């Protein structure tokens with residue numbers, strides 16, 4: 001094989017590898033579409049990706065997340081209610097870009113938005129017996145969320 005032919009072959013091989021590697025570095029279309037698809041959000045299995053995520057001070061009843069490039073749905077709490085009870089969610093959400101929400105999924109797989117976008121406040125939620133799931137959901141979202149939960 002001549003020197004020029006070998007150089008062209010190696011150059012082509014390198015370009016092919018760069019394109020192949022680059023095409024695998026991104027967010028899949030299914031994660032991009034989760035934000036507005038309740039059927040996927042209510043699934044038990046989570047599907048999400050973060051460009052960056054920093055969790056600070058998280059505990060059983062508190063979540064603090066600074067995120068960037070967040071796509072998909074990520075469970076933050078599963079609550080097994082043994083009987084009728086109430087919980088309070090206190091939240092402070094600061095969304096700098098993209099779309100972000102926190103949802104509650106009840107035992108019937110119905111979704112209730114706790115917050116959408118940047119909001120600060122609290123919400124009292126009445127629970128009956130059954131399994132409840134609280135998830136964060138995003139589409140190219142960047143920001144911070146702090147949520148605490150407590151029983152009444």
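Just so it is clear, none of the values below were taken in a lab; they were calculated from the coordinates. Keep in mind that this is a model prediction, so the values were computed, not measured. Here the Cβ is made from the backbone with ideal geometry for all residues, glycine too, and neighbour counts use every protein chain on show.
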Distance in nm between residue 84 and residue 131 label points, each 7 Å along Cα→Cβ, equals 2.4 nm
Quick note, region 29-151: a/c under 1.5 would make it rounded; otherwise a/b > b/c is prolate and the rest oblate (a ≥ b ≥ c, C-alpha gyration tensor); here it is oblate
Length-normalised contact order of region 29-151, Cα under 8 Å, at least 6 apart, in percent, tallies to 35 percent
Region 35-54 and region 102-142 have their Cα centres apart by a whole-number Å value of 13 Å
